[in-house]
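Okay, so here's the structure we're looking at.
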Amino acid sequence: MLSSGYSFGRSVRAAALLGSVALSAAGCAGGYDLKPAPPYDPGQYKLGVDDEIRVITYGQDQLTSDFRVDSNGKVAFPLTDGLQAAGFTTRQFASEVAEALEKSRMLRDPKVSVEITAYRMVSVLGEVTRPGQYPYQPGMTMLTAVASAGGFTYRSLESRAYVLRQEGDHTVVGKLKPQDYVKPGDVIKIYERHF
């Protein structure tokens, strides 16, 4: 009787020890202690360095062209010293272009629209089949970014990832879940499982 009670006590202590080891391992798993990345709404996209855009000036073929946002966040639009584009939505930037055309007295009441032809790349690193840079697609999530990189490896921690993200003029680090939206320019690292 004493022997079975002693044995039961040892089993409980062993289970408790295994449970605390499992909790410790989970706590050490990649990204466990990171705060969630700032949420991103693809509908509120703002232009950034290396985005490629098409500026369409209706009725003015010579003022319709493709441009790239340079390292200073500007676009070398004709008849200007360069227009600030980074930080603006496409609609806001179209207004900037129209205002610049009016100020230069080239056009009266110009009608301008701006569309994005190529977004900044997304980098996917770590435990994916083909780490590298991939074109951002509107509505891309962590899971679709991983799919672009060939999918998870067998060692991947699939429930969360590390992300390095540009927010305005500063860089933030956070945690992404599989269904979270990715932002153009994000650097995503998929962690390795520890057990």
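The values are calculated or read from the model by the stated rules, or taken from the named source; none is laboratory data. Bear in mind the structure is a predicted one, so any value in this text is a computation, not a measurement. Note that we place each Cβ from the backbone using ideal geometry, even for glycine, and neighbour counts take in every protein chain shown. Accessible surface areas use protein heavy atoms only, side chains included; no ligands, DNA or RNA. Shrake-Rupley method; radii C 1.70, N 1.55, O 1.52, S 1.80 Å.
Annotations for the structure displayed:
- Placing unit charges on the Cβ atoms of the charged side chains and taking the dipole of the range 98-149 about its Cα centre, the candidate lying farthest along the positive direction among Tyr136, Val112, Val146 is Val112.
- Computed P(r) (all Cα pairs; the range 73-195; 5 Å bins; percent): 2, 11, 17, 17, 12, 10, 9, 8, 6, 4, 2, 1, 0, 0
- Counting only protein heavy atoms and a 1.4 Å probe, the range 100-195 has 56 square angstrom of accessible area per residue.
- Potential lengthening between Gln62 and Asp81 on full extension [0.36 nm per residue; Cα-Cα distance subtracted]: 5.1 nm
- Spin-label model, Asn72 to Met121: label points 7 Å out along the Cα-to-beta-carbon direction sit 2.5 nm apart.
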